[in-house]
Every structure is written in structure tokens, then in C-alpha cells.
Amino acid sequence: MDARFLGITEVTETPAVAVVIDVMRAFTVAAWAFGQGAEKIVLAESLDEALTLKAEHPDWVALKDGPPAPGFDTVNSPGKLRWLDLTGRTVVQKTTAGTVGALAVKEASLVLCAGFVVADATARLLRTRTGDTVTFLVTGEDGQADEDRACAEYIARRATEPRTDPADFLRRAAESRAAAELTECVRQGVHPDDVALCLELDRFPFAMVAALEDTLMVLRPTYEAAQPAHEPATGPGEEPR
């Protein structure tokens, strides 16, 4: 597998396969939403679009970065989301980096959204695409976010070397600026457990595939090429172990 690592603004042509990385916190949150029973996640282009979709579908769950806001049901925090029962629900997600990155490569033949929590399942799926060049989109900090770059490099390595030691990659993420900002509550809409949840390797046994459905970019879990995670996810309303 030929891997390349780009920031969002460096994408100048449609890649064949794109892996969009947002560890802290968009795609950790997305994985938790599926773990809590969500059917699908609509990736909104703007806050206005998210609110419009919510108004058109009052039963959908809308979330965003930052503090709580009128019209939104919750915020982009895995620590807060893990207590919600989302069984059968549709989630509308708008974030600063993750959703923007996924929409930037929406025409790719395969778009995977990932963080450490779905690393193994993502790597396993990539092993089925050995003939493709895989573009890893490092979404945070204009492509410089070390937690996203570390996760991207780990998944790329694990796709070809399944026994890759995760320790150094997780350490880099734990020492990243994003982790410090979340720990120190520099960012808003933060739960004290967010960093730990974002660094929980292979929490979920599915990969997450985004694809255009009519005019919307929709994210769904897939168990293709996956195996059970080392730590089972909790069910809706259960206390995480």
C-alpha cells in the first residue's frame, strides 16, 4: 500500500482512497455514536445546514464543536455522548476539522473516517485495497496536528504490519497540543474523560465509511474485514468499563 499524508488544503485532486483522521474529537465521537446505537451520521457542511436538517427532521440528533447552543442536542464530546441512547437515530455532525476533511474528499471511491478507537478495523479494511494509493487526511491544525498524524501513520503501518506496536503513536497523541487543550479545558464543550476516550485503542470493532447519499455525505459503520475489538463497547446507557 502506497500511503501519503496531506492536510485538507493540500488536497488538489480526488484521491482513490481517503482516510480522514480526526482523533480529538470528531471521529471518536462518531464511533461512540455508532456504539450507542446510531444508524447513520450526516456530515454537515455548516452550522446552518446542521440546524436546517435538524428543523426538517426533529427526531435527528444534532451536535457541534464548542459549548451547547440553541438547536443542537449535544456537543462534540465522547465523554458526554457516551451516556445517550441513540438506538436507531440519525446524528447530524458539524465540526471544525473532521467533517470538513470528509467533505473535501467526498468524490473519492472510498472514504474512511477514523481515529484510534477504530484503528484496527480501518487497517483491516485497507488491506483489501492493496493496489491503491491511500491518502491519509490529517485534519487538525492545517495538517500539523500530531495526534492526527500519529494515528494516520499508525493505521498506515498497521495495514501492512499488523503487529505494529502502538505505544509511540499513542504517546505522541497524548502529548499533542489538542490533548493539552482538552485537558486544560481551553476548548469548550469538554468532558474530563475526553482525552482518555480518544486514546482508547480499538474500542470499537467497525470501520466507518462515508459516502454521498443523494446530496448528503453520510457516515455508516461497516464490519467488513473487522474482528472483535479487545474491549467491547458498552450498550446504550451502560457504564463504560
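What to note about this one:
- The protection proxy used here, the mean number of other Cβ atoms lying within 10 Å of each residue, ranks peptides 115-124, 61-70 as follows, highest first: 115-124, 61-70.
- Most mobile listed residue (Val11, Val111, Val218) in the chain, GNM with C-alpha springs under 10 Å: Val11
- The simple spin-label model puts a point 7 Å past each Cα toward its Cβ; for Glu10 and Glu56 those points are separated by 3.5 nm.
- Candidates Leu170, Leu212, Leu125: whichever shows maximal mean-square fluctuation once the chain is modelled as a Gaussian network with Cα springs under 10 Å: Leu212
- Under the simplified labelling scheme, the Glu141-Glu39 pair shows an inter-label distance of 3.9 nm, with each label point 7 Å from Cα along Cα→Cβ.
- Taking only the Cα atoms of segment 2-222, the ratio Rg/Rh comes out at 0.94, with Rh defined as the Kirkwood radius.
FYI, it's all coordinate maths here, none of it is from the lab. All figures in this text were calculated on a predicted structure; none of them were measured in a lab. Virtual Cβ from ideal backbone geometry, glycine too; neighbours counted across all protein chains shown.
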